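*Asks:* The structure follows.
The values are calculated or read from the model by the stated rules, or taken from the named source; none is laboratory data. Everything numeric in this text was worked out from a predicted model, so none of it was measured. Ideal geometry is used to build each Cβ from the backbone, glycine not excepted, and the neighbour counts take in all protein chains shown.
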Amino acid sequence: MDDETTILQTIRGQTLALVAQLTAAPKPTYEVDGQSVSWESYLAQLQRTLDWCDAKLAAGEPFEFDTQART
């Protein structure tokens, strides 16, 4: 495993931990002193981070081409 893969796996693990915390005790969207806190938006951003990590990790894995030879 190279450094980039290790870093991506770390980011993914930390993000999953945040998602677990957020979904274990969901909170409503609210506004305080004109500042809005949207937990749905935060959860969506965390999901985009997971999707990005998954795509980067998948791109680094070996892959195969399924081919067929004819004579």
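*Asks:* Just give me the residues in the stretch 19-62 being surrounded by 12 or more Cβ atoms within 10 Å (Cβ to Cβ) and touching a strand residue (DSSP E or B) at 6+ places or on another chain (Cβ under 8 Å), in sequence order.
*Replies:* The answer is Val37, and nothing else.
*Asks:* Next question. What residue, among those in the stretch 23-71 that are within 21 Å of the chain's Cα centre (by Cα) and among the acidic types (Asp, Glu), is farthest from Ile11 (Cα to Cα)?
*Replies:* By that ranking, first place goes to Glu40.
*Asks:* Of the residues in the stretch 1-47, how many are in a loop (DSSP other than H, G, I, E, B), among the charged types (D, E, K, R) and under 30 Å from Ala59 (Cα atoms)? If you could, list the steps in order and put the result at the bottom.
*Replies:* Here is the first cut: in the stretch 1-47, the ones in a loop (DSSP other than H, G, I, E, B) are 1-2, 25-29, 33-34, 38.
Remaining after also requiring among the charged types (D, E, K, R): 2, 27, 33.
Those left that are additionally under 30 Å from Ala59 (Cα atoms): 2.
Matching residues across the stretch 1-47 total 1.
*Asks:* In this structure, does Ala25 turn out to be of a type in the set (Gly, Ala, Ser) and modelled with pLDDT of 95 or more? Step through it out loud before you land on a result.
*Replies:* Numbers: of a type in the set (Gly, Ala, Ser): yes; modelled with pLDDT of 95 or more: no.
So Ala25 does not fit the description; no.
*Asks:* Report, ordered by the first and then the second residue, all pairs with beta carbons closer than 8 Å, sequence separation of six or more or different chains, a first member in the stretch 7-31 that is closer than 23 Å to Trp52 by Cα, and a second member that is part of a helix (DSSP H, G or I) and of a type in the set (Lys, Arg).
*Replies:* The qualifying pairs are Leu8/Lys56.
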